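Written below as structure tokens is the structure these notes are about.
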Amino acid sequence: MDGASRVQISDHLTPEEQEDERPTLVVAARRGLLGRCPNCGKGRLFASYLKQVNHCDVCGQQYGHIHSDDAAPWLTILVVGHLVVPTALAVESQTSLPNWISMTLWPVVAIVPRQHLCPRFEVVN
């Protein structure tokens, strides 16, 4: 369908029908990263930490057929690894931290962003 016919179709929609149109990719991605329904922006995307809901309670959008499988952990490891490893190498080369501090500090520094990013990357398919 070309752009001209889309304009003609949307010109004949009532205000209620225009609200039912799909959001842009940027808007949907922002809503998803915030843990909200990409379609309406009001319903929750997760029932718990990583448990996805089957459908939006507000607009009824179905999500049961969408599975991210290994994408979220893979992307989380990629991002966190690229942030933590260079930081750890820079700090360890410039300081002489005791081994017990290093062995405590760097796992914590890696786990905190992982816990924050993994649910957000669950949205990315």
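The values are calculated or read from the model by the stated rules, or taken from the named source; none is laboratory data. Please read all numbers here as calculations on a predicted model, not as lab measurements. Note that each Cβ is placed from the backbone with ideal geometry, even for glycine, and that neighbours are counted across all protein chains shown.
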Selection from segment 109-125 of residues assigned to a helix (DSSP H, G or I) and either assigned by TED's automatic domain parsing to the domain that holds Pro38 or exposed (fewer than 14 other Cβ atoms within 10 Å of the Cβ) (or both) yields Ile111, Val112, Gln115, His116
- Task: Answer yes or no: is there a residue in segment 93-108 that is part of a loop (DSSP other than H, G, I, E, B) and surrounded by 13 or more Cβ atoms within 10 Å (Cβ to Cβ).
- Result: yes
Listed by first then second residue, the pairs whose first member lies in segment 71-97 and is in contact (Cβ under 8 Å) with a residue 40 or more places away in the chain, whose partner is in a helix (DSSP H, G or I) and among the acidic types (Asp, Glu), with beta carbons under 6 Å and at least 6 positions apart or on separate chains, are Ala72/Glu122
Listed by first then second residue, the pairs whose first member lies in segment 45-59 and is charged (D, E, K, R), whose partner is surrounded by 15 or more Cβ atoms within 10 Å (Cβ to Cβ) and part of a loop (DSSP other than H, G, I, E, B), with beta carbons under 9 Å and at least 6 positions apart or on separate chains, are Asp57/Cys37; Asp57/Gly43
